[in-house]
1. Is one or more of the residues making up the range A:88-102 in the same structural domain as A:VAL161 (by TED's automatic domain parsing), open to solvent by less than 70 Å² (accessible area, probe 1.4 Å) and assigned to a helix (DSSP H, G or I)?
2. Quick test of your reading of the structure: B:VAL266 fulfils all but one of (1) part of a strand (DSSP E or B); (2) in contact with a Gly (Cβ under 9 Å, 6 or more places away or on another chain). Name the failing condition by number.
3. Would a scan of the range B:402-418 turn up a residue that is closer than 20 Å to A:ARG103 by Cα, outside any loop (DSSP other than H, G, I, E, B) and more than 10 Å from every other protein chain (Cβ to nearest Cβ)?
4. Only residues that are over 15 Å from the mean Cα position of the chain (by Cα) and open to solvent by 30 Å² or more (accessible area, probe 1.4 Å): list them for the range B:213-232, please.
5. For the range A:13-31, which positions are assigned to a helix (DSSP H, G or I), closer than 15 Å to A:THR404 by Cα and within 13 Å of chain B (Cβ to nearest Cβ)?
6. Can you tell me how many residues within the range A:135-146 are more than 14 Å from chain B (Cβ to nearest Cβ) and either β-branched (Val, Ile, Thr) or surrounded by fewer than 24 Cβ atoms within 10 Å (Cβ to Cβ) (or both)?
7. Take the residues of the range A:352-401 that are in a helix (DSSP H, G or I) and surrounded by 24 or more Cβ atoms within 10 Å (Cβ to Cβ): which is nearest to the other protein chains (Cβ to nearest Cβ)?
8. Does any residue of the range B:114-126 turn out to be under 25 Å from A:VAL99 (Cβ atoms) and in contact with a Cys (Cβ under 7 Å, 6 or more places away or on another chain)?
Protein chains: 2
Amino acid sequence: MNLVSELALKGKQAKDAAYKLASISSQIKDKALEAMAYALVAQEEEILAANALDVEAGRNKGMSNALLDRLMLNKKRIEEMAEGLYALVSLPDPIGEVVRQWRRPNGLEIGQVRVPLGVVGIIYEARPNVTVDAAGLCLKTGNAVLLRGGSEAIRSNMAIVKVIAAAAEEAGLPSGSIQLVEDTSREVAQQMMTMNKYLDVLIPRGGAGLIQTVVKNATVPVIETGVGNCHVYVDSHADLDMAENIVINAKTHRPGVCNAMETLLVHQDVARKFLPHVGKRLQEMNVELRGCPRTLALIEGAKEATEEDYQTEYLDLILAVRVVDSFEEALAHIRRYSTGHSEAIVTNDYLRAREFTRCVDAAAVYVNASTRFTDGFQFGMGAEIGISTQKLHARGPMGLNEMTTIKYVCYGDGQIRQ
Amino acid sequence: MNLVSELALKGKQAKDAAYKLASISSQIKDKALEAMAYALVAQEEEILAANALDVEAGRNKGMSNALLDRLMLNKKRIEEMAEGLYALVSLPDPIGEVVRQWRRPNGLEIGQVRVPLGVVGIIYEARPNVTVDAAGLCLKTGNAVLLRGGSEAIRSNMAIVKVIAAAAEEAGLPSGSIQLVEDTSREVAQQMMTMNKYLDVLIPRGGAGLIQTVVKNATVPVIETGVGNCHVYVDSHADLDMAENIVINAKTHRPGVCNAMETLLVHQDVARKFLPHVGKRLQEMNVELRGCPRTLALIEGAKEATEEDYQTEYLDLILAVRVVDSFEEALAHIRRYSTGHSEAIVTNDYLRAREFTRCVDAAAVYVNASTRFTDGFQFGMGAEIGISTQKLHARGPMGLNEMTTIKYVCYGDGQIRQ
């Protein structure tokens, strides 16, 4: 197939599917999600065979073990993908919700009604599970989805989409609801980013490089799922046992994710009491510490932190540590280095807690809790497509509601404007 | 001043102002709005003198009378701008609203709190009143604003911003809350569109050309206020008197605005009864009619409509008219030509009313009412910055709520993730 025409054709099919999807009942959508989950497991051999070819090709190309692990599927991982789809079935369908409705003095009734976005484009990298996650979230919310995964996973993605698209169509969803762009060239990705005619929104999922490329090049509206350079600030009025638990949790519970702590700030009044012990515990858990001069004097074996350390989202067992003179200095540090993801203060001071929540400009601001809670399931929203660090449309965990828009439905009896 | 540095400097000042504005009380913001309104009238001589120079320069350059009229200020227009600011004072401040708050099983309380967007960039054309409107809406919602108006109005805009920025600062708002980019070159506008470091959102206000330029070139998230190719469909089950009133109102009440009707669709079963009379009335009101062959047979003096007519937002006393075979054909016509602004059906058929509201993909969908109601004041939201025809963040009238974002504020007692 000519590659430009692949995109245009699939874009048009997605648009047509989206038109029909907007009116389809929750029953049919849920039936389709169940059918997709069932088919994934029933046809796992086919998917695993395709995946084995991707993994082999990756190994031959010298792909790192970490990347190969992301790429690799097995029965357990396919089961997990299926479980993710089943979990969506039990969530309420946001489409059709009347967010609010009111009557104007002239009798016109105006309802704000939740409707699908339309066609969602997803540009992502090597993890084939994104294919299923994204398709499930889009369908549950009545959106058609156009998927464009990385070349490393193309065989896996083709096998997965073949299985789930057929199951969805069989269950009654319009053909074209789930499609994969099979050309993984850069040119086609570029073109997809400017396909305003067919795409209503574009969501990049992957590393910072991918996300920046999409933000820079897209004319289709983008939702940016972002980088998390997250801080925990231990105030002079903190409960230090609580602070220790939160710090250990925020750094070590899962260091490779965007809501993990990357820099610890400690008020100078409690640094001497707090840092030696917590530093030792972190080191015992294999966390490398990079500190300011005052930190170095309190934690044996810590390296000196550079300016770059404060800017870095390590996504690893590394932590920058800085002793600050005051609450205000902590706020200033966060303001300078925060990427607006998740920021925490540990304090029992009422005024500082209030000021922290008011002044810190981030998707999630915590008082006396770990940053690790910034997550759709932890917030009680269910599955999410990512954590938005931008301010338009969605901020924080992007669950089902964030995959929708609204329209105003106005009921009249012949009202005209005076 | 070096022009690149003007932008960077003002961007940084706006960012700093936004940080402070986020915590400023409604009282101070409202006091500032009142002071700005008062100052506009008190210092109108200065503004009118600057405006007279703009108008003179425009006339010398051969600017059309319509454009000169948009550019020109007088005492009445300055009073209207001031009234717009006073009207904002009486509206509730959306900032700080807890949209919802809930408690998780682990005791963590999560609140979704309304906060300002940060720094809003406005790129607009020749109307100096946009300067005041936009600044007022941004300040009321705790946003700093960076204004970039057209070169034709630069003296007027400088005079206005000088007056209102001084009044706002005097009333207690941070310096840098309202700023004008004084370099009106294309290069600086270009640069502003990619100033992600300082701008949180960009709103173009003006004609389709300006909006498309911004959408195409901006990397800063854009809210698109759009074109309205709006339809009224008169169904076979319509009350024809009601339909006539709605059609006349939607076309002639104010033909130059985006929610005016541009194409009338009439079901063939009522065309013979409906069109001759309504056509005559429209013609008496100087509306030029461009119709399909069946329309031409029913309305004397109508011209033949071309494909282009159905695509055109006339913004003028011109109307395309088409007789359709069926309800489905009306839906298909609207799906094909609609720009997603405002669409109306006139019918007493329950099922068709339901299907129309469900299937038509537009910011506002009407049953038995004029499209002219798509407007912040008419919807009861108060002042608006435009009508969004995009689906992300804001759709329909963009009032105060749409100039905000949310953040999650999480209150814990030491919760860590298990």
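1. yes
2. In the conditions (1) part of a strand (DSSP E or B); (2) in contact with a Gly (Cβ under 9 Å, 6 or more places away or on another chain), B:VAL266 misses (2) alone.
3. Going residue by residue through the range B:402-418, those that are closer than 20 Å to A:ARG103 by Cα are none.
No; the residues of the range B:402-418 include none that is closer than 20 Å to A:ARG103 by Cα, outside any loop (DSSP other than H, G, I, E, B) and more than 10 Å from every other protein chain (Cβ to nearest Cβ).
4. If the condition is that a residue be over 15 Å from the mean Cα position of the chain (by Cα) and open to solvent by 30 Å² or more (accessible area, probe 1.4 Å), then B:THR213, B:LYS216, B:ASN217, B:PRO221 are the ones that fit.
5. Selection gives A:ALA18, A:TYR19, A:LEU21.
6. Counting residues in the range A:135-146 that are more than 14 Å from chain B (Cβ to nearest Cβ) and either β-branched (Val, Ile, Thr) or surrounded by fewer than 24 Cβ atoms within 10 Å (Cβ to Cβ) (or both) gives 1.
7. First pass over the range A:352-401, keeping only residues in a helix (DSSP H, G or I): A:352-359, A:371-373, A:376-379, A:401.
Imposing the further condition that a residue be surrounded by 24 or more Cβ atoms within 10 Å (Cβ to Cβ) reduces the set to A:356, A:371-373.
Values: A:PHE356: 9, A:THR371: 9, A:ARG372: 4, A:PHE373: 6 Å.
Filtering the range A:352-401 for residues that are in a helix (DSSP H, G or I) and surrounded by 24 or more Cβ atoms within 10 Å (Cβ to Cβ), the one nearest to the other protein chains (Cβ to nearest Cβ) comes out as A:ARG372.
8. If we filter the range B:114-126 for residues that are under 25 Å from A:VAL99 (Cβ atoms), which is where we start, we get B:114-118, B:120.
Filter once more, so that each one left must be in contact with a Cys (Cβ under 7 Å, 6 or more places away or on another chain): B:120.
Yes: the range B:114-126 contains one or more residues that are under 25 Å from A:VAL99 (Cβ atoms) and in contact with a Cys (Cβ under 7 Å, 6 or more places away or on another chain).
The values are calculated or read from the model by the stated rules, or taken from the named source; none is laboratory data. Values in this document were obtained by computation on a predicted structure and should not be read as measured data. As a convention, Cβ positions derive from the backbone with ideal geometry for all residues, glycine included, and neighbour counts pool all protein chains shown. For accessibility, only protein heavy atoms count, side chains too; no ligands or nucleic acids. Shrake-Rupley method; radii C 1.70, N 1.55, O 1.52, S 1.80 Å.
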